[in-house]
1. Looking at 336, 308, 374, which one is in a helix (DSSP H, G or I), modelled with pLDDT under 80 and either within 14 Å of the chain's Cα centre (by Cα) or closer than 19 Å to residue 425 by Cβ (or both)?
2. Checking residue 546 against (1) loosely packed, with under 13 Cβ neighbours inside 10 Å; (2) touching a strand residue (DSSP E or B) at 6+ places or on another chain (Cβ under 7 Å), which single condition isn't satisfied?
3. Could you pull out the residue among 514, 503 that is surrounded by fewer than 20 Cβ atoms within 10 Å (Cβ to Cβ) and over 20 Å from residue 563 (Cβ atoms)?
4. Report yes if some residue within segment 59-74 is surrounded by 20 or more Cβ atoms within 10 Å (Cβ to Cβ), under 20 Å from residue 226 (Cα atoms) and over 21 Å from the mean Cα position of the chain (by Cα); otherwise report no.
5. Would you check which residues across segment 264-284 are closer than 14 Å to residue 137 by Cα, modelled with pLDDT of 90 or more and part of a helix (DSSP H, G or I) and list them?
6. Here are some residues: 424, 406. Which one is closer than 27 Å to residue 363 by Cα, outside any loop (DSSP other than H, G, I, E, B), outside the structural domain of residue 589 (by TED's automatic domain parsing) and under 24 Å from the mean Cα position of the chain (by Cα)?
7. Identify all residues within segment 519-533 that are surrounded by fewer than 18 Cβ atoms within 10 Å (Cβ to Cβ), in a loop (DSSP other than H, G, I, E, B) and either modelled with pLDDT of 90 or more or under 29 Å from the mean Cα position of the chain (by Cα) (or both); write none if there are none.
8. Of the residues 476, 494, 481, only one is closer than 19 Å to residue 556 by Cα and crowded, with 16+ Cβ neighbours inside 10 Å; which?
């Protein structure tokens, strides 16, 4: 029992840095937006109590109840996140193709919006932390942007090295951060405990009834305190739902609320503190250490979203919505620690442009919220569908709960839409562009498969008619194919150029399943079509790293002997040309460009470089 407790404690501390880094740094900028943002409220006791009451109860409903208590139950074999939930909902809707298609569309759009959040989070978090320098020492004000850009460049430069060496410190630093939040909040509340009245929902209800329009605008500021909700669901697979819940209810939620209420107590004592109530909670002697701790916490929060962007890209590629991408593994022990160079450098450029364009955390706050609130709504819809399609207990109560959450999130989304002109357009435009890329790749890939089915001949006809007359040579030839019912085009090129076949011919098809992991005994499905010719299906989960040679080492257990050193791998690379108009020309050109960016099959599937033969094929769309 003691060992189990120790393990849970370790997981809980580790979860602090990764799961709660985003929502944990929101006190840097969230509260002040209500009184110093785009739609500021007049600073008086009634408005402060109403704002704190709205913030507390929204955090209670959306984070504590919806995400931590309910949504964490909707895992896909232990994995969370909108793509995992989409895959789960899709499996429950296969009998209704139209609904299944809509579910996938919404899930992919939510994934596209996630990238907007992943880019804005490092910019607003690090910038808001460094802004504390101007509070501690006004002479540093002109250095805020250069220091922010320097920290961000350093953050993205070290991604290739991986986080394994410093990952153990993440939880401890974030633990210190949350304790600091709580202590600063308690010190302030003790001087003005009247703010504790805001724990009553009556203040929020009365304000909403008598100031409906103002409440609607207030929601966009309050929502900044909830922006890490999706992250804790997406990262649940790393630590398990229990550790995530324990961390939230015992430490994260109390410390966040105490700090927000402490900021409220401060601005009631000193109205001028509203410009930066978080840092002004601190005693003067602790200001510079607090800036350093806040910067470390925001770097950790940024690391979590950057890693999330890598994971989302990998999952999208596994599910067929992005071309193969180059993935580097930064740890020999942890398979989840990955680095995707293309994503890394694109994010760095986008984040720096954001910082230089908006120049302050307050201005960036206007661009924040739309992407996350949109993703939250889609998560609610998908989770509601899973409940509706299932047969579990309390279905009616759960559906009513998700209806309540959805209504509140629609309010958040609508309120954030008022900030489109002042920066909210950015995540929407970025999400639309990424959605176009994802759907273009999926559509183009399906059309390529259709074209190949029209041109290639069935395996059955080839085996019965062509093979008896072809000379054989020693060894094994593995032909990668996207359709095991058809003869791979690379085989035709082989016969055309070499006039021979290997003594063992394997038609190998990779299946990317809508589950995170595949057990070893379910990895391969082998069928002998005729003596010396085999069809092999290799299954990988969307959280796994495809490794064909490693998978084929299991082949003897399934009745197929393959000698690794005498095996050649034949792959075809498609060249896309404009054709009869199945895709508009601009979209065909976009798909062709994406095809050229795709990592080669040899590297993607970890094929030995000196055993690969690559043959080009032309496909007209």
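The values are calculated or read from the model by the stated rules, or taken from the named source; none is laboratory data. Just so you know, these numbers come straight off a predicted model, no measurement behind them. Every residue, glycine as well, gets a Cβ built from its backbone with ideal geometry; the counts of neighbours run over all protein chains shown.
1. Only one candidate qualifies: 308.
2. Failed condition: (1).
3. 514
4. Yes: segment 59-74 contains one or more residues that are surrounded by 20 or more Cβ atoms within 10 Å (Cβ to Cβ), under 20 Å from residue 226 (Cα atoms) and over 21 Å from the mean Cα position of the chain (by Cα).
5. Answer for segment 264-284, where residues must be closer than 14 Å to residue 137 by Cα, modelled with pLDDT of 90 or more and part of a helix (DSSP H, G or I): 279, 280.
6. None of the other options fit; the residue is 424.
7. Across segment 519-533, the qualifying residue is only 519.
8. The unique qualifying residue is 476.
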